[in-house]
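This report refers to the structure that appears directly beneath it.
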Amino acid sequence: MELSPQERFELEEETRLRIRELAEAFRHEIDQYQNVATKARSFGRIMIHLEDIRMLAKLLEYERLNAYAELFYDVIDVYVNHGGAGFALISDWFRVLSLQLYDLQAQVDNDPETLAQLDFTISQKPDLAYPEKQSVDALKHLTILFVEDEQEPREAAVTYLRRRVHDIYEAADGEEGLELYRRHKPDIIITDLEMPKKGGIDMLKEIRKENPFVPVVITTAYGDRPYYMEANRLVIHTYLVKPFALKDLEQELLKLSSLI
């Protein structure tokens with residue numbers, strides 16, 4: 001599905017905004033915590049910005065920006081999961097990616113038209129052979145709310161996750177999802193956007209009034225693009241484009257588990 005000129009303009013504007021916010025958040029963390037290795041969990045907001053940029057880059061088909069965001073996300077993930085040990089393993093990459101971030105912000109501010117052809121090189125991905133990553137055991141304490149109106153993918157995901165998490169609640173629309181959220185207060189919400197009765201955005205608006213911090217995973221089809229901008233303002237932690245592999249969903253939950 002081709003982006004209309006207006007959709008492309010709005011997504012590019014949002015991308016530039018996210019790049020500026022990422023650079024500002026990153027500078028704040030570096031200024032506040034000189035030894036970033038001891039403050040890994042404070043980088044949660046940076047990981048959210050990177051995930052947003054990664055999703056926007058995919059929608060815009062900006063491969064170099066997507067590769068940069070994915071690599072930076074992986075490097076930050078080492079901090080979150082392994083603290084000082086992780087910093088020792090990828091400190092050189094951290095410095096390179098940090099410098100590229102500031103160059104990226106300057107390029108976007110000086111000439112917004114360069115967003116599609118960014119002037120930096122993505123080197124080969126580093127060998128992140130750090131100690132064993134978080135195992136699936138990290139999910140065993142989590143409670144999940146899964147909201148999806150299509151029965152088959154909902155049942156498949158719920159069945160898959162039920163063997164891995166502490167508890168999972170399923171809803172077929174946003175109205176039922178909001179009721180289950182208020183009753184059970186799950187650790188993480190996974191939701192579709194377009195649903196009958198109450199859509200995912202309207203449900204999240206209500207939930208954000210009660211809890212601005214609960215992590216949210218959006219499962220979205222490319223046809224949901226008109227909803228993306230509005231959903232992004234509700235602090236979405238990650239997106240999965242349908243159809244997605246259940247293993248990918250599990251990996252996203254593992255990342256979020258370190259922030260809970």
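Structure above, values below:
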read-out: Scope the range 158-180; condition surrounded by fewer than 21 Cβ atoms within 10 Å (Cβ to Cβ), in a helix (DSSP H, G or I) and in contact (Cβ under 8 Å) with a residue 40 or more places away in the chain; matching residues; value: Tyr160
read-out: One residue from Leu22, Leu50 being modelled with pLDDT of 80 or more, out of contact with any His (no Cβ under 9 Å at 6 or more places or on another chain) and surrounded by 21 or more Cβ atoms within 10 Å (Cβ to Cβ); value: Leu50
read-out: Residues (surrounded by fewer than 14 Cβ atoms within 10 Å (Cβ to Cβ) and either at pLDDT 85 or above or within 21 Å of the chain's Cα centre (by Cα) (or both)) located in the range 31-41; value: Arg41
read-out: Filter pass, Asp187 being surrounded by 15 or more Cβ atoms within 10 Å (Cβ to Cβ) and either at pLDDT 95 or above or closer than 14 Å to Ser257 by Cα (or both); value: yes
read-out: Pairs where the first residue, in the range 48-64, is touching a residue at least 12 places away in the same chain (Cβ under 8 Å) and the second is among the basic types (Lys, Arg) and crowded, with 21+ Cβ neighbours inside 10 Å, C-beta under 7 Å, 6+ apart; value: His49/Arg18; Asp52/Arg18; Ile53/Arg18; Leu56/Arg18
read-out: Residue that is closer than 16 Å to Leu50 by Cβ and at pLDDT 80 or above, where the choices are Leu128, Leu104, Leu142, Leu118; value: Leu104
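Yes or no, residue by residue, for (1) in contact with a Leu (Cβ under 9 Å, 6 or more places away or on another chain); (2) modelled with pLDDT under 55; (3) not in a helix (DSSP H, G or I):
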| site | (1), (2), (3) |
| --- | --- |
| Gly44 | yes, no, no |
| Leu56 | yes, no, no |
| Asp74 | yes, no, no |
| Gly84 | no, yes, no |
| Leu99 | no, no, no |
| Asp109 | no, no, no |
| Glu132 | no, yes, yes |
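The values are calculated or read from the model by the stated rules, or taken from the named source; none is laboratory data. None of the values given here were measured: they were computed from a predicted structure. Glycine also receives a Cβ, built like all others from the backbone with ideal geometry; neighbour counts cover every protein chain displayed.
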